[in-house]
C-alpha cells in the first residue's frame, strides 16, 4: 500500500503549472449572452483561434467567458486551450437534440468534447447547466416521431443519446477546477483513457434525470480528484473500465463529499480491464441509498491495491460492499485483492436514506430488513487480502423474524443464492443472516479494532463468515442489544479462524457507556464458533460429556487438569467428541489430541482463565487457549461460546490467542 501512496504523491508533481497564458474573450467573437441566441459557433471559433495560436506560439491560451448566459450545443476543446468561465458566466445547454453532435469516436453526445487533446482546462467560478430533464424529453419526443432510433430500454432513451455535460477521450494533462456542473441529461462528466487528470474544487448537482452519474473516470492513469462536492441521483464518484486492455491506476481522491441515490464511491459496474493503486483519503458520503463504497469486479477485471483511509458515512444504506463475480467473462486472471478500509465511521438508518430524490433508489429492493456490509466472492472467485481497521458502524437493528428469517445453520447458509450473473448491488440478496458484516468465499480477511453496534433489537448475529480461509478478528467489539441471543460471530466452513484481543477493558468500558448499562460481559470477544467445517462434530462420532470427567460448570473452578485428562482419554480410546452442556467452564491452555473434537452446546461457555500462568507457551512461543497436537486437525463447533478474560491482557505480555496452533516448533 505504501507503493500506491508514493506513486500518487509523484502523480501530483506531474500537474505542472503552465507558463503565463494569453487570453481571448468569446465576446470578441460575437457570442451573445442573452440566453436565447445559440452561441455554439462563436464560442467554437474562439476555441479554434486560441488552439491555432497555441500551435504557432507554443504558449498556453485561455478562452474567457464573461458573466452572462450563453446558449450552446456541442463544443470541442482543443490542445493548449483552457475554457475559463468567469463568475456569473453560464453555459446553458440547448433543449434541441439536433444542436448536439454524437462524436464518431466517442459515440456519445455531449455539451463539451475533447478528443485526443493535451494541456486543456475547464476552470473558473461559472456554471454549465445541461437542462437535462427538458433535453431528455425532447429526445424522447424525437424517438416517438421516428427521428432517432433508440430501444427505449427501461422506458428511457439510451444514455449515449442524451447529452452529457463533459466527455473527454484520450486526453493528457487535463485540469477541471472551480466550476459548477448542473442538470445533465445523462452522465454528468466522463473522462475516458485520459492521463494526468486533475479535478479540483468542483460542485455537481445532477439529480434531474435517470443515470445522472456525478463523475465517471474510465481507464484513466495519474488522476487526482480533490475538494469536490457531488450530489447525484446515480453514483457520485464512479470508476469504470470499458476496455479489456484498459488500465486505471495511480488515482487519489481526497477531501471530497458525495451524496447519491445510488452509490457514493463505486468501482464499476463496467469492470473489464485493470484497476490498481487507488487511495481514497478523508472523504464523506451522505444520504446514499446504496453503499458508501462499492468495490466490484464482475466483468473480468483485476482490482487490487485499493486503500480507503478516512471515510465518514452519514445516513447511508450500506457502508461497504465488495463483490467478485463472473457476471461477464473477460480477461484471464481476474482478481479482487489487497483492499484496505480503515478509519471509517458509518451510521445506517432504518428509513430510506435517499428519500426526497426525484429519482430514488429502486422500490423493487424494498421492503427488507436492513442489510449488513458484505464481502461477497463466488465459488472459484475468492476475494483475497482484506483489512478492515479502525472502523465504527452503527446499524438500526429492528430486523423482524415475522417479516423474514435468515438462519445461520449450514443448510440455511448454503441456501443463500450466489447470484453470480446479477447486477452487483448489496440489496440483491434482500435478506442476509448478519446485522453487521457478512463474509463469503474470501481468503485472509482481518478485522482490527472494529466496533459494530446495533441501536435496536436484531435477531441476527453481528458477523457471519461462510467459506472463509484465514479470518482474524483482533481488538474488535460487537455491541448487541438484548434480549436476542448472545451469539455474535458465526463461522461456517471456515479455516484458520483467529481471535485476538489486547484492549478488552477499554472495549468493555466504551460499550457500557454507549449502551447505558453495566452488564457487559468481561470477555475478550463475544465469539461463537457456531458451526464446524461441513458437519457437526457429533455426526458419526462417539460422544463424551465433560461433566462425567469432573469438569465443573460453575464458572469459578479451574478445569484445566480435568479437561486435559478428558481429552487425552478420548484420544487413547480412538477419538470422539467432548461435549459441553450448559454452564461456564473455566480453563487455561489445553492441547487437543488427534481425532478429538470439542462441541459446545447452546448455553455452554468455555472461559479462559485470568491467570497468565495458566497459559504456558507452545514450542513456537505463542500462547493459546486451544492447541492442537502433532497431526491433529480438530473441529470446535456447536452453538456455544468461547471467552478469554478481560483482565488478562493487563497481566500478560502480548496477547492470548483463541486459535489452533501446532505444538511443535516451526522449522528453522
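The values are calculated or read from the model by the stated rules, or taken from the named source; none is laboratory data. Owing to the predicted nature of the structure, the values given are computational and were not obtained by experimental measurement. All Cβ positions, glycine included, derive from the backbone under ideal geometry; neighbour counts span all protein chains shown.
Of note:
- Residue list for the stretch 525-570, restricted to those being at pLDDT 90 or above and in a loop (DSSP other than H, G, I, E, B): 551, 552, 553, 559
- Residues of the stretch 47-75 that are at positive phi and part of a strand (DSSP E or B): 68 alone.
- Of the residues making up the stretch 286-302, just one is in a strand (DSSP E or B) and over 30 Å from residue 394 (Cα atoms), namely 302.
- Complete set of residues in the stretch 463-487 that are modelled with pLDDT under 90 and either closer than 16 Å to residue 639 by Cβ or out of contact with any strand residue (DSSP E or B) (no Cβ under 8 Å at 6 or more places or on another chain) (or both): 480, 482, 483, 484, 485, 486, 487
- Residue list for the stretch 165-213, restricted to those being in a strand (DSSP E or B) and over 25 Å from residue 274 (Cα atoms): 165, 177, 180, 181, 182, 203, 204, 205, 206
- Residue match in the stretch 324-338 (condition: under 29 Å from residue 207 (Cα atoms) and part of a strand (DSSP E or B)): no
- For the residues 221, 281, 259, the requirement of being without any contact (Cβ under 8 Å) to a residue 40 or more places away in the chain and more than 26 Å from residue 391 (Cα to Cα) singles out 221.
- Check on residue 587, under 17 Å from residue 499 (Cβ atoms) and touching a residue at least 12 places away in the same chain (Cβ under 8 Å): yes
- Failed condition for residue 627, given (1) modelled with pLDDT of 85 or more; (2) in a strand (DSSP E or B); (3) farther than 30 Å from residue 460 by Cβ: (1)
- Within the stretch 146-164, restricting attention to residues that are assigned to a loop (DSSP other than H, G, I, E, B), over 30 Å from residue 88 (Cβ atoms) and touching a residue at least 40 places away in the same chain (Cβ under 8 Å), the residue that is nearest to the chain's Cα centre (by Cα) is 156.
- Checked against the criterion of being assigned to a loop (DSSP other than H, G, I, E, B) and within 24 Å of residue 452 (Cα to Cα), the candidates 263, 283, 318 yield just one match: 263.
- Considering only residues in the stretch 61-79 that are farther than 24 Å from residue 134 by Cβ and within 38 Å of the chain's Cα centre (by Cα), the one that is surrounded by the most Cβ atoms within 10 Å (Cβ to Cβ) turns out to be 77.
- For the stretch 596-624, the tally of residues that are closer than 16 Å to residue 564 by Cβ, assigned to a loop (DSSP other than H, G, I, E, B) and at pLDDT 80 or above stands at 4.
- A count restricted to the stretch 571-595 and to residues that are touching a helix residue (DSSP H, G or I) at 6+ places or on another chain (Cβ under 9 Å) and either assigned to a loop (DSSP other than H, G, I, E, B) or under 15 Å from residue 548 (Cβ atoms) (or both) stands at 13.
- Search result, residues across the stretch 369-417 that are assigned to a helix (DSSP H, G or I) and in contact (Cβ under 8 Å) with a residue 12 or more places away in the chain: 410, 412, 413
- Search result, residues across the stretch 437-459 that are modelled with pLDDT of 95 or more and either out of contact with any strand residue (DSSP E or B) (no Cβ under 7 Å at 6 or more places or on another chain) or under 18 Å from residue 323 (Cβ atoms) (or both): 437, 438, 439, 440, 441, 442, 443, 444, 445
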